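Asks: Below you will find the structure I want to go over with you.
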Amino acid sequence: MSLLSNTTGNSHVPHILRLAAQRFFTCILVLTSLSAASCQTAFGQANKPGLKVIDHIWGFDGRVQPGQFNPLSILVDNQTDKPIEATAALQRVQGMLNRSGGKYVSEIFISPAARQWIRFYPYISNTYQTNWELTIDDGATFRNLKIDEFAQPRPAIKLDSDKERQQPQIVIFDKANAVTARPTSVKHLPEDVFPPYSTATIGLHSAFLDHDPDWEQPKQQAFMSWLRSGGRLHLLKDRRDEFPKFSGELAELNQPLNQFSISYGVVTRHQLQREDVSEDLVKRIGNTQVPIDELAEVDQIQKANEYGMEQMIETEPSSIDDSMFRQMRELTFPDHNWFLIFVLALAYIGLLFPGCYQLSKQKHLHFLSTYGAIVGLSIIFSLLFLMIGRRGYGEATNMQTLAIARAEDATQWNVFQWNTFFVTAGDNYSAGANDQQSVFSTANTLDREEVSITSGNSGRIQMRIPPYSSQTFVCRRQLSAPDWKLKILNHSSDVSGLVSLSIQTGGDFPSDTSNEYLVLAGRRIYKLKYDSTTKRLSLFGSKKTLTEFCQRDFSSMYANPWTRQPNAQADQKSEKQRFLDDALPTLVSRSLLDDLVTKPSEFQLPPDRIRLLVYADIPEEFRISVSADVQNSGRILFIKDMFLQDASPVPK
C-alpha cells in the first residue's frame, strides 16, 4: 500500500509543474502587455501636440551687443486645439543645471493652431558661452515646462582690440510673413520682430527700408526714437521704382531730400531697389572707423605715467558693472566697532580657557558648576556680540544710483542706470516706472536670485531681499524732462583745438555748484565753467584727449585707500563723494557703447557738433520708484550733442 501510494503521489508532480509553468508564462505575458501598453501611453503623451519652438532671432542680425539690452524673439507654435494663456520665462543657465540671475517673464496668449512671437530683452554684459532656458507655466498643463534652450550667439563688436574689426548690425526689413532672399548682401529682419521699446534698439547700427512697415504706434515710436538717437536709415525704391510713402509716426520720413537729419539720426535716399544693394555699399555704411593720429596722445599718456601710477581704461561691460556694484555695495557696509569686538572675543576665549579649566580644578565646587559657567558665558557673550555687532549703525533703506542719460531731442532722454537697493527689513520689493519703456536686469550675477523681471511701459523688477542686504540691478528707461534751451553763442577753433566756446542755458539747466561741466570736440575733452549770473557756459581749464581723460588712476581710487596718494582736498571728502568723483571717467568711457564703440581711442565726434557733458546729482524725475520709503542718492552724467551752425571742422 505504501508503495502504491508513493507511486500515485509522484505521478502528480509533472502535472503540478506544468500548471506552475503555465501560470508563470501567463504572468509574464500579462506584465509584458501592461508594460507595452504603459510605454505606448507614455510615448503617446510625449508626442501629444503642445508648444513647439519654430524659430528664434537674437538681436537684429543674429548677434548680441555687449553692454546693452538685446531683443530675443522666439516664434512658438501652438499645436493644440485650445488657446494657451500662460507665463513664459527666460533664465540664464550656467554649466549644466546652474540657473542664475533673475527670470525675464512675459505673459502670452496663443490661439489654437496659431503661431506667435514671444519677446524678451535680456541684458548681455559679456561674451562668455551662456545658454538661456525658456519655460512655460499656465498653472496646469504646462506647469514649469521647459520648452527649449538657446545658446547666446557671438557679439556684434570685438572687445579685444587685437582682433579684427567686424561689421556692426545692419539689416533690411522684410514684410511680415514674406519669404525673400533678396538681397544676399545684408541680413534680413522680419518687420514684426522689431521691438516696440526704444530702450532695446541701441545695438542696431543701420537699416534699409523699401516699404511702409505694418507697425502699431508703439513700434513706430520706438523706430523714430532709434533714429533720433543717432540711427542711420537708408531708403530704397520699391518694385514700382518709387520711394515708399510713410504714415503715422513715420510721416516725417517723407521729406524729398536725398539726405536729411532727424535730430541726431541721418536718413539717406538711394536710387536703388533692394536687389541692387551690394556688399560694397553695406561695407561702406558699416565702416565707422575713423583715422586716428595716435602720436597726439602718446606724449600725454607718457606724461601721466611718469608719476608711476598704474593707468587703465575699463571697457569690458561686465567689468564695469562688477566694479560699479562692488563699490556701491561697500558704501552700505556698517561701521562696526571692531576694536571692542576683538577685545570681547579675547575675553571670551580667556574666560573659557584657562578660566573654566581652573574652575573645574576647584574640588570644593560641584562638577556641574563648570558646565554652568560655560553655558552662562556663552549666553552673556552672545548677547554682547548681538548688541555690539548687530546692524543698526544709522543704516536706512536706501537706493544708490549711477546713471548715463543721452538726449534724443530737446526733452526726451534715454537713461541707463546702475542701482543698489539696500534694505533693513527683509521683504518682497519692486522697482519700476510707468510709461517709460523700462527694461531691467540683475546684470551678470551668477547667483540664483528670487527676482522676476517684466519689460515695457509698465516694466518692473520684483525682488525678494533678506534684511540688511542689498540687491543690485541695471535698467534702461526713456523719460521726458524740461528743455534746457541751450544755444551756442560763439565758437572758434584752430589747429590746437577749441579756442573759445560760449553756451547760453535756460532756467531748467542743472546749475548746482557741485556739478562738473565738460565738452567733447573731435577727440579732445575740455572743462567748462558755469556763470550763474549770465547763465552761460564757457571754456575753463586744461584740455585732454578722450583716451587720457578716461584713464583711471588706481592709486587714488576709492577702492584702494591704502595706496592713495596724499591729497588734502581729497581727504576732506567722504568715501561716497570720492567714489562718485572717481566714477566720472568710467561713465564717459561707458557712454561710448551707445555709439557702438568700445574704446575711447576708436571714437571721434563728427566735426559738425560738440558734445556737452554734465555730471550732477540725479534729479527727482530721473530716480526710479520703489515699493518702500527710501533715501535716494547718486549722480547722473547727462550727454547732449549740439550742432555747430556753419562751423569749421574741429581739428583732431
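Taken together, the values in this text are just the output of simple stated rules run on the coordinates, not laboratory data. What you are looking at is a predicted structure, and each value in this text was computed from that prediction instead of being measured. A quick note on method: Cβ atoms are made from the backbone with ideal geometry, for glycine too, and the neighbour counts reach across all protein chains shown.
Asks: What is the fewest-to-most order of VAL439, VAL53, VAL343, VAL423 by other Cβ atoms lying within 10 Å of their Cβ?
Replies: Values: VAL439 30, VAL53 15, VAL343 11, VAL423 24.
Arranged by neighbour count, lowest to highest, VAL439, VAL53, VAL343, VAL423 become VAL343, VAL53, VAL423, VAL439.
Asks: Same structure, new question: Estimate the FRET efficiency between LEU359 and ILE379 by the formula 1/(1 + (r/R0)^6), using the beta-carbon distance for r and 22 Å for R0, to the nearest 0.05. Intermediate values should be presented prior to the final figure.
Replies: Values: r = 17 Å, r/R0 = 0.75.
Plugging the Cβ-Cβ distance into 1/(1 + (r/R0)^6) gives 0.85.
Asks: Restricting everything to alpha-carbon atoms, can you work out Rg to Rh for the range 170-286 with a Kirkwood hydrodynamic radius? Don't skip to the answer; put the middle values down first.
Replies: On the way: Rg = 13.0 Å, Rh = 14.3 Å.
So for the range 170-286, dividing Rg by the Kirkwood Rh gives 0.92.
Asks: State to the nearest 20 debye the size of the charge dipole of the range 398-480 about its Cα centre, where the only charges are +1 on K and R beta carbons and -1 on D and E beta carbons. Mind showing how you got there, number by number?
Replies: Values: 6 positive and 7 negative charges, 12 e Å.
Rounded to the nearest 20 debye, it is 60 debye.
Asks: By what distance, in whole Å, do the Cα atoms of the range 600-649 stretch along each of the three principal axes, largest value first?
Replies: 52, 26, 15
Asks: If I take R0 = 30 Å and measure r between the Cβ atoms of GLN217 and LEU257 in this structure, what FRET efficiency does the formula 1/(1 + (r/R0)^6) give, to the nearest 0.05?
Replies: Details: r = 26 Å, r/R0 = 0.85.
With a Förster radius of 30 Å, E is 0.70.
Asks: Given points 7 Å out from each Cα along the Cα-Cβ axis, report the VAL495 to ASN337 separation in nanometres with one decimal.
Replies: Label-label distance for VAL495 and ASN337, simple model: 6.8 nm.
Asks: Would you work out if the range 226-285 is rounded, prolate or oblate? Take a ≥ b ≥ c from the square roots of the eigenvalues of the alpha-carbon gyration tensor; rounded if a/c is under 1.5, else prolate when a/b is larger than b/c, oblate otherwise.
Replies: Details: a/c = 2.23, a/b = 1.19, b/c = 1.88.
Because a/c hits 1.5 or more and a/b fails to exceed b/c, the range 226-285 counts as oblate.
Asks: Another question, if that's okay. What list of ³J(HN,Hα) couplings, whole Hz, do you get for the range 428-439 from phi and the Karplus terms 6.51, -1.76, 1.60, once you set θ to phi - 60° and write x for glycine and proline?
Replies: Result, ordered by residue: 8, 10, 9, 9, x, 7, 8, 6, 10, 6, 7, 10 Hz.
Asks: As an exercise, use a Förster radius of 30 Å and the Cβ-Cβ distance of SER369 and SER469 to find the FRET efficiency, rounded to the nearest 0.05. Please report the intermediate quantities before stating the final value.
Replies: Details: r = 42 Å, r/R0 = 1.40.
Once the sixth-power term is evaluated, E becomes 0.10.
Asks: What is the sum of charges, Lys and Arg at +1 and Asp and Glu at -1, for the other residues whose Cβ falls under 14 Å from the Cβ of ILE124? Write down the numbers at each step before the final one.
Replies: Details: positive: ARG63, ARG92, ARG154, ARG476; negative: GLU316, ASP321.
Value of the local net charge: +2.
Asks: Out of the range 114-145, which trypsin sites (Lys or Arg not before Pro) are coil in DSSP terms and have no more than 13 other C-beta atoms within 10 Å?
Replies: Those that pass, being in a loop and sparsely packed, are ARG143.
Asks: Quick one: divide the alpha-carbon radius of gyration of the range 103-167 by 2.2 N^0.38 Å and tell me what you get. Write down the numbers at each step before the final one.
Replies: Numbers: Rg = 16.6 Å, N = 65, 2.2 N^0.38 = 10.7 Å.
The value comes to 1.55.
Asks: List the relative contact order of the range 387-546 as a percent without decimals, with contacts defined as Cα pairs under 8 Å and 6+ residues apart.
Replies: Values: 326 pairs, mean separation 27.6, N = 160.
Relative contact order here is 17 percent.
Asks: At 7 Å along the Cα-to-beta-carbon direction for both SER538 and SER514, put a label point, then send me their distance in nm to one decimal.
Replies: Spacing of the two 7 Å Cα→Cβ label points: 2.7 nm.
Asks: Let me ask another. Distance in nm between label sites at GLU85 and LYS52, each 7 Å beyond Cα in the beta-carbon direction?
Replies: Spacing of the two 7 Å Cα→Cβ label points: 2.6 nm.
Asks: Test of understanding: what is the full-extension gain from GLU107 to GLN166, defined as 0.36 nm times their sequence separation minus their Cα-Cα distance? Walk me through the intermediate numbers first.
Replies: On the way: separation 59, 0.36 × 59 = 21.24 nm, distance 3.64 nm.
This chain segment gains 17.6 nm when fully extended.
Asks: Another question about this same structure. Once the Cα atoms of the range 338-389 are picked out, what are the Rg and Dmax in Å?
Replies: So, for the range 338-389, Rg and Dmax equal 12.4, 39 Å respectively.
Asks: Could you calculate, for the range 398-480, the ratio of the Cα radius of gyration to the Kirkwood radius, expressed as Rg to Rh?
Replies: With Rg and the Kirkwood Rh in hand, the quotient comes to 1.00.
Asks: Sort 481-493, 222-234, 195-207 for me by packing, meaning the mean count of neighbouring Cβ atoms within 10 Å per residue, highest on top.
Replies: Numbers: 481-493: 14.8, 222-234: 22.1, 195-207: 24.3.
Per-residue mean Cβ counts within 10 Å order the peptides as 195-207, 222-234, 481-493.
Asks: Using 20 Å as the Cα-Cα cut-off, could you pick out the over-long pairs in LYS187/LYS283; LYS487/LYS527; LYS245/LYS283; LYS219/LYS245; LYS487/LYS640?
Replies: Numbers: LYS187/LYS283 12 Å; LYS487/LYS527 18 Å; LYS245/LYS283 27 Å; LYS219/LYS245 17 Å; LYS487/LYS640 12 Å.
Flagged as over cut-off: LYS245/LYS283.
Asks: Mind listing P(r) for the range 51-151? All alpha-carbon pairs, 5 Å bins, whole percents.
Replies: 3, 12, 24, 25, 18, 11, 6, 2, 0
Asks: Could you work out Rg/(2.2 N^0.38 Å) for the range 318-453, with Rg from alpha carbons only? Show your work: numbers first, answer last.
Replies: Details: Rg = 25.3 Å, N = 136, 2.2 N^0.38 = 14.2 Å.
Relative to the 2.2 N^0.38 Å estimate, the range 318-453 comes out at 1.77.
Asks: Karplus couplings for the range 192-205 from phi (6.51 cos²θ - 1.76 cosθ + 1.60, θ = phi - 60°), rounded to Hz, Gly and Pro as x?
Replies: Residue by residue, the range 192-205 yields 6, 8, 4, x, x, 10, 5, 5, 10, 10, 4, x, 7, 8 Hz.
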